[in-house]
1. Just the residues that are within 18 Å of residue 111 (Cβ to Cβ) and either modelled with pLDDT under 90 or in a loop (DSSP other than H, G, I, E, B) (or both), please, taken from the range 229-239.
2. Can residue 102 be described as modelled with pLDDT under 95 and over 17 Å from the mean Cα position of the chain (by Cα)?
3. Using the structure shown, decide if residue 98 is crowded, with 19+ Cβ neighbours inside 10 Å, touching a residue at least 24 places away in the same chain (Cβ under 8 Å) and either touching a helix residue (DSSP H, G or I) at 6+ places or on another chain (Cβ under 6 Å) or not in a helix (DSSP H, G or I) (or both).
4. Please go through the range 201-228 and give me each residue that is exposed (fewer than 14 other Cβ atoms within 10 Å of the Cβ) and modelled with pLDDT under 70, ordered by number.
5. Can you say whether residue 24 is loosely packed, with under 13 Cβ neighbours inside 10 Å, over 22 Å from the mean Cα position of the chain (by Cα) and either modelled with pLDDT under 95 or part of a helix (DSSP H, G or I) (or both), as far as the supplied structure shows?
6. Just to be sure I understand the filter: pairs with C-beta atoms under 8 Å, separated by 6 or more residues or on different chains, first member in the range 80-93 and closer than 14 Å to residue 23 by Cβ, second member part of a helix (DSSP H, G or I) and at pLDDT below 90. Which pairs pass?
7. Looking for whichever is touching a residue at least 60 places away in the same chain (Cβ under 8 Å) and surrounded by 18 or more Cβ atoms within 10 Å (Cβ to Cβ) here; the options are 117, 165, 71, 107. Which one fits?
8. Count, please, the residues in the range 240-258 that happen to be free of Cβ contacts under 8 Å to residues at least 40 places away in the same chain and either surrounded by 14 or more Cβ atoms within 10 Å (Cβ to Cβ) or part of a helix (DSSP H, G or I) (or both).
């Protein structure tokens, strides 16, 4: 590759070009009275309080007291706005202090941090995701996860696979919890009984009879899962999954250390 080619920045997709400083905000037209950060902050306020389905350029403009067309001076589309919101929601994630002395403890802390960040902005679970996030804050958090794996003995490619596996699991669990919470809120808003009791476990208790589904019946009514309608603490279930993934990663590190192990 020629030296001149290396010095020419590659054109990035819309949204990423703005996040990575490869595109300037337009300056044509009337005097600006906003900033990109103000537009993104207003969009996050709308999504936090009303859900992602309520988000539109018109709704954000109303939140700010500007016209819809004026927002297009700062972001080119709703899709670009979503990328900016995703990046802003992870602000400071790359500087978080992970707890623990071992790679396993640090990686567990990393997964818990990711879940906390998602739970702070549940609309993240409604985001379209055709590819892994590539915004600056997202990559900084991935870098933090890779740092947690320092000293694990894993190959770099395997480290990235582990980060992807934990991220996918965390997002999936957060999505299910958020969908259940939204469904319950919708029922309550419509004047119905709370939907909290109709979790999967509660429905199994209601529907699985001992003769046809003996194993499910025994599991559903096992005292170990508690007397609450669902029987399960969602946060504990999430951590159970994280720990089982880490068990697998631990086995992989031991296999690498032991050769054919």
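1. 233, 234, 235, 236, 237, listed by residue number.
2. Details: modelled with pLDDT under 95: no; over 17 Å from the mean Cα position of the chain (by Cα): yes.
So residue 102 fails the test.
3. Working: crowded, with 19+ Cβ neighbours inside 10 Å: no; touching a residue at least 24 places away in the same chain (Cβ under 8 Å): yes; either touching a helix residue (DSSP H, G or I) at 6+ places or on another chain (Cβ under 6 Å) or not in a helix (DSSP H, G or I) (or both): yes.
Spelling it out, it is not the case that residue 98 is crowded, with 19+ Cβ neighbours inside 10 Å, touching a residue at least 24 places away in the same chain (Cβ under 8 Å) and either touching a helix residue (DSSP H, G or I) at 6+ places or on another chain (Cβ under 6 Å) or not in a helix (DSSP H, G or I) (or both).
4. Within the range 201-228, 223, 224, 226, 227, 228 meet the criteria.
5. Criteria met by residue 24.
6. Pairs that qualify, where the first residue is closer than 14 Å to residue 23 by Cβ and the partner is part of a helix (DSSP H, G or I) and at pLDDT below 90, are 80/18; 83/16; 83/19; 84/18; 84/19.
7. The match here is 107.
8. Residues meeting the conditions: 7.
The values are calculated or read from the model by the stated rules, or taken from the named source; none is laboratory data. All values reported here derive from a predicted model rather than from experimental measurement. Please note: Cβ atoms are built from the backbone with ideal geometry, for glycine as well, and neighbour counts cover all protein chains shown.
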